[in-house]
Amino acid sequence: MDVSWTWIVWTVLGVILIIAEVFTPGFVLLWFGIGALAAALASLAGISSLPLQFLIFALVSVALTAASRTIFSSYFSREPEGSDLKTGAQALPGKVGIVVSSSQGRKLWTNKRQKEK
């Protein structure tokens, strides 16, 4: 392959990987797409060595993947370390609520205290 065309191949590969990321559940292909675009930029800048371009692709892709895993794990972890933050239904026991509208459905339950009165 002619070295002057390698930047086009890297660019096409990067765009394909970034578009394919839309159809996958994780942020993996995105980082490899950006790595391919970095290799395309290196080729366009005059780095004609194909092994060096591949090394740039691999280093950028692996670095972004590792960085995203550490960043996203702190934001999306299910249980934050060092805190007892409760969300959803776990946060409701012991709270006082205010009724803002009456129920329009059938009465499906009765209060035992009301029956005793």
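Looking at residue 54, is it modelled with pLDDT of 90 or more and assigned to a loop (DSSP other than H, G, I, E, B)? Can you show your working first?
Details: modelled with pLDDT of 90 or more: yes; assigned to a loop (DSSP other than H, G, I, E, B): no.
In short, no.
What is the one condition in (1) surrounded by fewer than 13 Cβ atoms within 10 Å (Cβ to Cβ); (2) of a type in the set (A, V, I, L, M, F, W, C); (3) farther than 19 Å from residue 72 by Cβ that residue 22 does not satisfy?
Unmet for residue 22, out of (1) surrounded by fewer than 13 Cβ atoms within 10 Å (Cβ to Cβ); (2) of a type in the set (A, V, I, L, M, F, W, C); (3) farther than 19 Å from residue 72 by Cβ: (3).
Just to verify a result, which residue in the stretch 79-117, among those that are more than 26 Å from the chain's Cα centre (by Cα), basic (Lys, Arg) and in a loop (DSSP other than H, G, I, E, B), is modelled with the highest pLDDT?
Residue satisfying both the conditions and the ranking: 95.
The values are calculated or read from the model by the stated rules, or taken from the named source; none is laboratory data. Given the structure is predicted, the values throughout are model-derived calculations rather than measurements. Methodologically, a virtual Cβ is constructed for each residue, glycine included, from the backbone with ideal geometry; neighbour enumeration extends over all protein chains shown.
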